[in-house]
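Let me begin by presenting the structure, written as structure tokens, before commenting on it.
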């Protein structure tokens with residue numbers, strides 16, 4: 001794949017731009033408790049899942065109606081203001097300069113994230129990332145997407161003639177990319193190592209956002 005005008009890089013957030021494990025299940029539990037104070041708080045896996053998927057799985061595990069999902073989602077957005085406390089979040093090494101370099105090289109920095117737009121803004125802003133480096137008009141959010149491939153398909157449907165590359169740290173990002181026939185670059189900056197991407201279609205697998213990643217993008221210019 002060679003870069004054409006305004007190739008869009010669709011970045012994941014947790015584990016790709018920000019250090020993984022920021023809040024995790026706690027914020028979903030707090031959101032559920034705000035809606036149903038006496039509800040049980042099951043432990044479920046959140047890695048690579050959209051907010052909407054986690055909320056639905058949490059409700060199923062708690063034996064509660066899925067009709068509560070919109071209210072839990074609203075509470076999740078409301079509680080996301082906690083991310084403005086910068087002590088809770090950290091930008092991964094080389095992210096800020098990589099985003100700036102991509103912008104200067106003619107790429108656009110969109111998001112493809114399981115978080116809602118509000119949670120995304122609070123997370124990135126709370127971590128100290130320059131929000132102007134993100135092109136919000138070509139970003140896609142998981143507030144109402146049950147599975148991650150739906151996000152990639154929405155991106156492809158919304159921008160059918162725009163070249164795109166998804167950048168993420170989990171095999172689920174790669175599966176989503178494949179569903180929409182979008183090239184995928186895996187970065188091993190989250191909880192998954194190179195071995196996790198052996199059976200995933202990738203443009204490349206890199207350890208971090210240093211020279212290896214920039215060399216790949218350089219080949220696309």
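The values are calculated or read from the model by the stated rules, or taken from the named source; none is laboratory data. Remember, predicted model here, so these are calculated numbers, not experimental data. No Cβ is skipped: glycine too gets one built from the backbone with ideal geometry, and neighbour counts run over all protein chains shown.
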Residue check for residue 181: in contact (Cβ under 8 Å) with a residue 12 or more places away in the chain, out of contact with any helix residue (DSSP H, G or I) (no Cβ under 6 Å at 6 or more places or on another chain) and within 23 Å of residue 18 (Cβ to Cβ) = no
Consider residue 111 carefully, then state whether it is buried (at least 19 other Cβ atoms within 10 Å of the Cβ) and assigned to a strand (DSSP E or B).
-> yes
Restricting attention to strands (runs of 3 or more DSSP E) lying wholly within the range 147-206, give those where 3 or more residues are under 12 Å from the mean Cα position of the chain (by Cα).
-> 164-168
Failed condition for residue 131, given (1) touching a residue at least 60 places away in the same chain (Cβ under 8 Å); (2) within 21 Å of residue 18 (Cβ to Cβ) = (1)
Qualifying residue in the range 44-58 (condition: touching a strand residue (DSSP E or B) at 6+ places or on another chain (Cβ under 7 Å), under 20 Å from residue 15 (Cα atoms) and in a helix (DSSP H, G or I)) = no
If you scan the range 179-201, which residues turn out to be surrounded by fewer than 17 Cβ atoms within 10 Å (Cβ to Cβ) and farther than 22 Å from residue 116 by Cα?
-> 181, 193, 194, 195, 198, 199, 201
How many residues are in contact with a strand residue (DSSP E or B) (Cβ under 9 Å, 6 or more places away or on another chain), closer than 25 Å to residue 55 by Cα and crowded, with 20+ Cβ neighbours inside 10 Å when one looks only at the range 140-164?
-> 7
Number of the exception - residue 93 against (1) outside any strand (DSSP E or B); (2) surrounded by 14 or more Cβ atoms within 10 Å (Cβ to Cβ); (3) under 18 Å from the mean Cα position of the chain (by Cα); (4) in the same structural domain as residue 206 (by TED's automatic domain parsing) | (2)
If you take the residues in the range 17-42 that are part of a loop (DSSP other than H, G, I, E, B) and at pLDDT below 95, which one is nearest to residue 78 (Cα to Cα)?
-> 23
